[in-house]
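Here is the structure we will look at.
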Amino acid sequence: MANDHSEIRTPASTTTTTSTPQPRTAPAPFDKSIADVILRTSDHVDFHVFTQVLIAASPFFEGLFEVPQPSPDQEQLKYGKPIIEVSEDSVALETLLRICYPINKPAGFSIEQIELALRAAMKYDMELPTTVLTGDLENVAKDRPMAVWAVACRLQLEDLARVAAKALSPSTLDFDSLGNMDGISAGDYYRLNRCHASIRSRAFVSNLLTPSPRPFDAHPPTAQRSSGRFSTTIPTPDIICRSSDGHEFLAHEAILSAASRLLVEKVGPAGAEPVNGVEPKILVFEVNDIVLASILRFCYNDAPEIESTTSLLHLVQIVAATERYKLNTAHVRAMSFWCDRAESSPLRAYCIAIQAGHLGCAKEAARAMLTLPLETYVPELETTPALAYHRLSEYYKTCRNVALVRLQKTLEVLHDPHSDSEQAEQPPPTPVEPESVGFVPAVFKLKRSKKNHPLLSQTWIRKQVTNSRSSAGSRPRQKYPALAELFTTATAEGPEGFWCSRCHPLAEDLIKADCDFKELMKEMDAVSRVWSVSTNADRSVWRQVELLI
């Protein structure tokens, strides 16, 4: 059969085991004896249908019946009718056939049933059922826009996605209602968020399911890939390290054994061509040549262990390989490389780690993401599950809220120059000789407030915390200065002076801010641990990820 969608098979080919249930006949009107063909569903229900109805409704079936078929023997027939096995279940096929047949049309189907039937209608190129079922979903979108948008993503129906997006409101934009978000990409998730924001601003994004053209190529041609490089000047190598793609590197069993006993346990017997009179053993690695070359450089302490041109994908594979082969020292250094690279492009790093199924690398990339705005796009979102991106978004929002709350509390406990200045009697007190308790910049001195100009009365540290809180909305894990840095920065901003009794509250504020900044980082680390545990608990996400690789 030329087409892969359906084919005529013998019943014997589907009953090779005794556990296969006997087919049952579909309800009326798909049980008529005068029908001339049988469609058998995946759940073993036989639909007796007319070929002329299928030909009129579907170019696919029209082409199928035009293909000459060999004369069927008795095993290929049921009641003298040929049997066509289809991959759909009986619910989807019955919905589809009732729309095609000249009978009362079905109504009241669930979104799940409509999706199954619509998928089949699109597969068999059935115009009428596709139009009817799409219209049903558009009507449902008013009440369940998120569920309809999810169907549109899975079936790649741009117009339906736009209808659902326009029906959304702040109360109905609930990604948690979609469960595991099967069949939805992180790119779809990102664009719906942008679309929702653009609707509020009376604009609309151009595409919901197809990424907009980008002025760069996110995936360079594979021809530009370089091979892994490793060589050693140590004489008499006695082992050949072979990568999964066939590249071989000469090494020394003693050095590999010192790096990891697990490597030596995997060594096979000698059998290669002699090298310098020594017949080397062979150690086969389940990694490509670039990853293997880096592993060997780690074992030999050969800098650079990881080349600067190594892609993020190869880098996460290197980290995974150091874990697999129990190269503990190499793993620490490889993770350090990963963290450094993730800081420059954390969202790309997160997506690549998710697709590689490496939670540790994904977690470090998520932490690095807190230093940048979340509302950014990378092409890797298109091949990343939406649930993984949703978890990142929720983690980011939680950390942002932690930062905002903590910094607001910091502002509330700092000395308020307004209240301090109101306690002073007017006219201003006569200047007194400053106490000789050390150096203090003029910037620490309280400034008398002016009416309607509250910012002029802020101390330096209050401005510092206020600015940090303003930035926390888009960069929750920014670089919060330590106590020593606060003092250094503050004293560099004003002319020379002396500490006086009025400056003591400001010094106390610096210490309070330093303590709160440290507590804030601890709170974010706690959020990270909770996020990690919840991600670990949902192993289905990682099973989905494995299917993408």
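Just so you know, all these numbers are worked out from the coordinates, no wet-lab data involved. Being a predicted model, the structure only gives us computed values, none of them experimental. When we count neighbours, we look across all protein chains shown, and the Cβ atoms used for this are built from the backbone with ideal geometry, even at glycine.
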With an 8 Å Cα cut-off and a minimum separation of 6 or more residues, compute the relative contact order for the stretch 305-378 in percent. 29
Quick calc: nm separation of the 7 Å Cα→Cβ label points for residue 339 and residue 471 -> 2.1
Between residue 282 and residue 382, what FRET efficiency follows from the Cβ-Cβ distance if R0 is 35 Å, with the result rounded to 0.05? 0.30
Once phi is turned into θ = phi - 60°, what whole-Hz ³J(HN,Hα) does the Karplus curve with 6.51, -1.76 and 1.60 give for every residue of the stretch 132-144, x standing for Gly and Pro? 5, 5, 5, x, 4, 5, 4, 5, 6, 4, 5, 9, 9
Please give the length that would be gained between residue 112 and residue 401 if that part of the chain were fully extended, namely 0.36 nm times their separation in residues minus their C-alpha to C-alpha distance (nm, one decimal). 100.4 nm
In µm²/s, what is D for the stretch 109-149 at 4 °C and 1.567 mPa s, where D = kT/(6 pi eta Rh) by Stokes-Einstein and Rh is the Kirkwood radius from Cα pairs? 128
Each label sits 7 Å from Cα toward the beta-carbon; between residue 105 and residue 198 the label points are separated, in nm, by 3.2
Which listed pairs, of 363/397; 266/326; 142/166; 81/105; 409/463; 326/363, have C-alpha distances above 18 Å, in listed order: 81/105; 326/363
Expressed in nm to one decimal, what extension gain is obtained for the pair residue 44 and residue 264 from 0.36 nm per residue of sequence separation less their Cα-Cα distance? 73.9 nm
Using modelled amide H (1.01 Å from N, peptide plane; none on Pro or chain starts), what sits under 5 Å from the amide H of residue 81, excluding residues fewer than 5 places away? none
With label points built 7 Å along Cα→Cβ from the Cα atoms of residue 180 and residue 515, find their separation and express it in nm. 4.8
